[in-house]
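The values are calculated or read from the model by the stated rules, or taken from the named source; none is laboratory data. The shown structure was predicted, so the numbers you read here are calculated from the model rather than taken from an experiment. We place every Cβ from the backbone using ideal geometry, glycine too, and count neighbours over all the protein chains shown. In case anyone asks, the SASA skips ligands and DNA or RNA and just uses the protein heavy atoms, side chains included. Shrake-Rupley method; radii C 1.70, N 1.55, O 1.52, S 1.80 Å.
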Amino acid sequence: MSHHVTRSSEFHHPNLDVLIEEATLKARIAELGAAITRDYAGRVPHLICVLKGAVVFLSELMRTIDLPVTIDFIAVSSYGDATRTSGEVRIVKDLDTSPAGRDVILVEDILDTGLTLNYLLSNLRARNVHSICVAALLNKPARRLVDVEVAYKGFDIPNEFVVGFGLDCAQRFRNLPYVAVLRQPSQVWPEGAAIGG
Ligand code: 5GP
């Protein structure tokens with residue numbers, strides 16, 4: 001196998017306009033972690049991460065919470081590979097452990113219409129959690145269809161399609177260390193690229 005030592009074009013893709021720099025993301029997430037540390041003193045918050053987009057936010061956030069925490073993961077289908085919401089939410093991978101009796105913080109990448117979080121909140125409440133709140137890295141107020149209270153919110157952003165820091169377009173760009181607006185989302189994979197999943 002030939003080894004090309006070229007810099008990946010991923011971080012400098014021409015269709016990306018940086019919206020939130022890495023340092024800005026980390027600084028804001030540290031503030032959220034400090035707030036959670038204060039608010040949950042003496043308790044063991046249970047962080048439930050909504051796969052896959054929120055994994056980067058979760059991993060950053062949990063390291064800024066100076067308390068014992070536990071984590072679990074849930075996956076729902078909402079957008080698929082398209083950029084428009086269907087309004088239909090379905091659990092594709094459920095939690096490993098029951099959240100009953102726990103102080104749950106639902107960790108989500110982005111709040112758009114609110115349909116996903118609204119569904120997850122009622123689904124988890126029905127499993128007898130002790131308390132539940134939402135931590136969302138990004139918020140697009142322009143497209144809200146249902147009201148969702150966010151206790152720990154990172155950034156309000158304009159109504160643009162964004163990728164990076166966990167967020168994808170057709171599974172690509174999750175590894176960008178910053179959040180960027182993606183122009184022409186329909187053209188991210190070159191013709192014939194093999195990805196699967
Ligand atoms: P909601 O149910 O609030 O409309 O949508 C939430 C989900 O939609 C997010 O978890 C994310 O998967 C997806 N989503 C909404 N806006 C964007 C966006 O700008 N970029 C990406 N990559 N996903 C988005």
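Here are the numbers for this structure:
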quantity	calculated
Proximal lysines to K140, defined as alpha-carbon separation beneath 16 angstrom and excluding residues fewer than eight positions away on the same chain	K153
Inter-label distance for R43 and R28, nm, one decimal - labels placed 7 Å from Cα along Cα-to-Cβ	2.4
The chain - Rg and Dmax from Cα coordinates, angstrom	17.3, 55
FRET E, pair K153, K52, Förster distance 30 Å, beta-carbon r, rounded to 0.05	0.90
Cα-centre dipole for segment 91-157 with unit charges at Cβ (Lys and Arg positive, Asp and Glu negative), debye to 20	100
Volume per residue that the Cα convex hull of segment 85-197 spans, once the total is divided by residue count, Å³	131
Solvent-accessible surface (1.4 angstrom probe) belonging to E60, in square angstrom, nearest 10	30
FRET efficiency, 1/(1 + (r/R0)^6) with R0 22 Å, evaluated for R125 and S77 via beta carbons	0.60
Exposure ranking of C49, C133 by accessible area [1.4 Å probe, largest first]	C133, C49
Probe 1.4 Å, protein heavy atoms only - accessible area per residue of the chain in square angstrom	52
Residue order for F173, F73, F11 - accessible surface, 1.4 angstrom probe, largest first	F11, F73, F173
Surface share of carbon and sulfur [accessible, 1.4 angstrom probe, percent] for the chain	51
At q = 0.11, 0.13, 0.19 Å⁻¹, base-10 log of I(q)/I(0) for segment 36-148 (Debye sum, equal scatterers on each alpha carbon)	-0.33, -0.47, -1.01
